[in-house]
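The structure appears below as structure tokens.
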Amino acid sequence: APKGDPFTDLATIMFSSGSTGEPKGVMLSHHNVVSNLEAIAQILGAVDEDRVMGVLPFFHAFGFTGTLCMPLVLGMGAVYHPNPLDAKSIGGLIKKYKATLLISTPTFCQAYYRACAPEDLASLRHVVVGAERLRPDFAAQFKEKFGIQLLEGYGATEMGPVVAVNVPDVLEGTDRQIGTKPGTVGHPIPGVAAKVVDPETGVEKQEGEEGLLLLKGPGRMIGYLADPEKTAQVLRGDWYVTGDIAVIDEDGFIRITDRLSRFSKVGGEMVPHVKIEEAMLRIPGIGGAAVVAVPDADRGERLFGLYVADESMGPDLVWQGLADSGLPKLWIPKARDLRRIDELPTLGTGKLDMRRLKQTALSLASGG
């Protein structure tokens, strides 16, 4: 029988999380997966003696590639636990088996921060986080307690999945090569090219200018399962259109600023939800925040903010905090459209469940 073609033979079909829409079957070849793993191993300096602590579910692209396939391909050790939020057990496993690599999310790491002692995580060389934004204040708290710098990365299932990651700075005598820049998701991994273009015209932006992020590289998917129409929508030649708004700075670091789908048109102006969420999180007492759009009879849609805080933090206080934040008046939801909830819903991958958030907002906005 003829040998298979690693460039076209499927290794897996990963269904994307569907946090903002219906899940799509991402077809990844053996070449897609292995090239991604080789690049990760190169930048993290992975060796046979490393042990991965696997906490991400295998239906998550990074859980499948980074914690299941990487040890198999590179001959590393691995330890697994099925519940990424069972912090005490995970800390115990890291300590017992001297795990050296942990791939997780900021949300899961918050649980480890609360429940684990410094000696539990002492063997870890690298902790890579992704799937959601890493708050600088939490990164500083984690480093102070454990002595470990959280390395924020970025990926897309359609890219196999790792695209970029911060790495430790390289020191040679008095010379320093910067590998980490807070607030960014790092440099593209070896083999991945990135550019930022105007979302409407497709014209490439200059360094430091915000635009739509496009990517290409050997990890890029074959396409979506049985959906040539959606495949054509996200592929421009060799480039994958991420749907993320980003900036590539003068040092080549990528900073994700928003998702194209997470803007609302209010009074003719495009309003970014993430900027409002960041302002809400700066208000003392707020532990979590999300902004979505809900239908509005007069203006088509309006902004609706959900936040996690104790009962003393009423909508009027949050509105005042936003009013004092320096945000444009147009961007601030009305006090009646700011509601306290017990917790932000997340998917099994650690990402915010935008569909459930939207349903919650619609119910609250309609008086439910």
Segment 221-265, accessible area per residue, ligands and nucleic acids excluded (1.4 Å, Å²): 49 Å²
Segment E204-Y97, extension gain: residue separation times 0.36 nm, minus the distance between their alpha carbons: 33.7 nm
Simple label model, 7 Å out from Cα along Cβ direction - F58 to V73, nm: 1.7 nm
GNM flexibility winner over the chain from L330, L150, L121 (Cα, springs under 10 Å): L330
Gain upon complete extension [F7, S89; 0.36 nm per residue less C-alpha separation]: 25.6 nm
Inter-site label distance for V170 and D324 at 7 Å from Cα along Cβ, in nm: 4.7 nm
Alpha carbon Rg of segment 278-368, scaled by the compact-globule rule 2.2 N^0.38 Å: 1.05
Rounded if a/c under 1.5, otherwise prolate or oblate - segment 79-204, Cα gyration tensor axes: prolate
Percent accessible area from carbon and sulfur atoms, segment 263-368, protein chains only, probe 1.4 Å: 51 percent
Entries of K275/K329; K88/K145; K265/K329; K24/K351; K195/K216; K275/K334 with Cα pairs more than 18 Å apart: none
DSSP bridge pairs, segment 1-149: antiparallel proportion in percent, nearest 5: 35 percent
Area accessible to solvent at E229, 1.4 Å probe radius, in Å²: 130 Å²
Total formal charge among the other residues, if their Cβ is under 13 angstrom from that of T231, Lys/Arg +1 and Asp/Glu -1: +1
Largest to smallest accessible area among V294, V167 [probe 1.4 Å]: V167, V294
For segment 1-135, accessible area per residue (1.4 Å probe, heavy atoms of protein chains only), Å²: 46 Å²
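The values are calculated or read from the model by the stated rules, or taken from the named source; none is laboratory data. The model shown is predicted, which means the values in this text are computed figures rather than measured ones. Positions of Cβ are generated from backbone atoms using ideal geometry, with glycine treated the same way; all protein chains shown enter the neighbour counts. These area figures cover heavy atoms from the full protein model, side chains too; ligands, DNA and RNA do not enter into them. Shrake-Rupley method; radii C 1.70, N 1.55, O 1.52, S 1.80 Å.
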